[in-house]
Structure formats: structure tokens, C-alpha cells
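The values are calculated or read from the model by the stated rules, or taken from the named source; none is laboratory data. Note that the coordinates shown come from a computational prediction; the quantities given were computed from them, not determined experimentally. Every residue, glycine as well, gets a Cβ built from its backbone with ideal geometry; the counts of neighbours run over all protein chains shown. These accessible areas exclude ligands, DNA and RNA; they are computed on the full protein's heavy atoms, side chains included. Shrake-Rupley method; radii C 1.70, N 1.55, O 1.52, S 1.80 Å.
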Amino acid sequence: MWQITIALAFLACFLSAYYWFSRKTKQNIFKKLDIKGPEPNFLLGNLNSFQDKCLHVVYQEWTKKYGRIYGYYEGPTPVIVTSDLEFLKQVFIKQFSNFHARKLLPIQPDPDSGREINMFHARGDRWKRLRTIINPTFSTVKMRQMSPMINDSIDIFLEKINEKSNSGKEAIDVYSTIKCLTLDVIGKCAFGMEVNAQSNPDHPFVSRCQTIFKNIIQTPLLTIVASMLLYFIS
């Protein structure tokens, strides 16, 4: 019996050592490439940095601290962030054939075979097929047809901004105002709905959209756990 116990203990030690070594190897990639960035947590990488702050706020802070090109880790997965124009030209123009696919998220259907996949998560030939299907929607003729609806929503947006600005009684929450403008445009152009979110922010369409994004933003633990699971199954 004691032989089995020793064997299991040895196996557990071996697996722990292998996990630690492979994890540290992955989290040293940027140091080997001489790319600056925040020091990662062994288990979470830098995901814990997004617990209390929005993604773009953390990115701005890191850009000021580490420069236009830096790296961080989502669990064991290295992520490069850049605002360098020459770097972006290489990715989006000169070497686009090497960077055409999107990053795989920890929780999403298989991009090649999942039935629930959409154009935002598809890749390769499947993305090309979906893009070909949707291209006519954004043709010059269709965009001209949508322009009056977009302009109407923008006119309401400017009226609301002027009203709040002239009243002088309250600060203007630009973020919420632009969200309502966006929902008005999407409602009209994509769904044929008169949402009027800018005048009626309590519209069911608005509240349900806010609930979806609120749940995504306020459940970072789910993303963290999913990233850790992805490490074991990949």
C-alpha cells in the first residue's frame, strides 16, 4: 500500500514541477524578446489588473509606463499591445496574411465548426464566406440609404448635448449619451426599430443591452477560470 502512496506522491510532484516549469517558460517569453510589460502573477498572469478597472484604462496606464509596445499575460497566454503606427501597418497591411484571424477567447464555440459562430469569431475561409455574404449590406447604395437615419440620430444627439450644455446644471455624461446614440443607429439600421434611446434611456432594448455587457464586464472571474481551463485542455 505504501508503494502506491509513494508512487502517487512522486507523480504529483512530477506533474506540479512540470506545470510550474511550463508556466514559467511561457511567462518568460516577453523577457526573452526584450519586450517590456507588467510582471505576471503565476496563476492569473495579469488578468487580476482588470478586476477593478476597465480594459482601456489599464491599457492607457501601461502605455504610459511601458511605451507604445508592451506585453502582458492572460493566464499563460502572451498578449502584445501596441499603439505604434509602423507596427500596426505591418500587421494590418504588409503582413496581413499572417494576422488575419482573431484571438481565440476562452469561452466561445469552435471558430471552424461551431454552429453558433459569427463573423467576429470566425477565421480563415469561414470568415471570408461570412464576409462575402454581409458585404452587400455595406455597399455604397445601402450606406446612402442608411445615411438619413444616421443623420437623424446624430441631430438628436447634438440637441441633447446642447440642452445639457446650455442648462449648466449638470456635467455631461458623454459615455452614456454616445451609448444611446449607438443603440438608436443600430436599432434603426439593423432592426428597423424606433428605439429613441436618447430620449427614453429606460427603453427595454436599452436596458437589456446594458444588462448583457454589464454581466460580461462584471464577471472577470469567469474569464479567469476559463483561461486556466483552456491551458489544461490545449
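Enumerate the pairs (first residue in segment 143-170 and over 23 Å from Gly192 (Cα atoms); second residue anywhere and in a helix (DSSP H, G or I)) with beta-carbon separation below 9 Å, excluding pairs fewer than 6 apart on the same chain, so at least 6 apart or on different chains.
From segment 143-170, the pairs are Ile161/Val174; Ile161/Thr177; Lys164/Thr177; Glu170/Lys164.
List, please: which pairs have Cβ atoms under 6 Å, are six or more places apart or on different chains, and start with a residue in segment 82-110 that is under 18 Å from Gly71 (Cβ atoms) and end with one that is assigned to a strand (DSSP E or B) and modelled with pLDDT of 90 or more?
Thr82/Ile69; Asp84/Ile69
Looking only at segment 54-79, count every residue that is surrounded by 15 or more Cβ atoms within 10 Å (Cβ to Cβ), assigned to a strand (DSSP E or B) and of a type outside the set (Ser, Thr, Tyr) and tell me the total.
Here the count works out to 4.
Could you give every pair whose Cβ atoms fall below 6 Å, whose first residue belongs to segment 30-44 and is under 19 Å from Glu61 (Cα atoms), and whose second residue is open to solvent by 80 Å² or more (accessible area, probe 1.4 Å) and aliphatic (A, V, I, L, M), counting only separations of at least 6 or pairs across chains?
If the second residue must be open to solvent by 80 Å² or more (accessible area, probe 1.4 Å) and aliphatic (A, V, I, L, M), no pairs are left.
Conditions tested, residue by residue: (1) open to solvent by less than 70 Å² (accessible area, probe 1.4 Å); (2) under 27 Å from Thr211 (Cα atoms); (3) not in a helix (DSSP H, G or I).
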position	(1), (2), (3)
Lys142	no, no, no
Met146	yes, no, no
Ile150	yes, yes, no
Ile156	yes, yes, no
Lys164	yes, yes, no
Ile172	yes, yes, yes
Thr177	yes, yes, no
Cys180	yes, yes, no
Leu183	yes, yes, no
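Of the residues that sit in segment 108-130 and are closer than 18 Å to Asn98 by Cα and assigned to a helix (DSSP H, G or I), which one is least open to solvent (accessible area, probe 1.4 Å)?
The extreme case among them is Gly124.
For (1) within 15 Å of Tyr70 (Cβ to Cβ); (2) β-branched (Val, Ile, Thr); (3) open to solvent by less than 40 Å² (accessible area, probe 1.4 Å); (4) not in a loop (DSSP other than H, G, I, E, B), each residue gets a yes or a no:
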site	(1), (2), (3), (4)
Ala12	no, no, no, yes
Lys24	no, no, no, yes
Lys31	yes, no, no, yes
Asp52	no, no, no, no
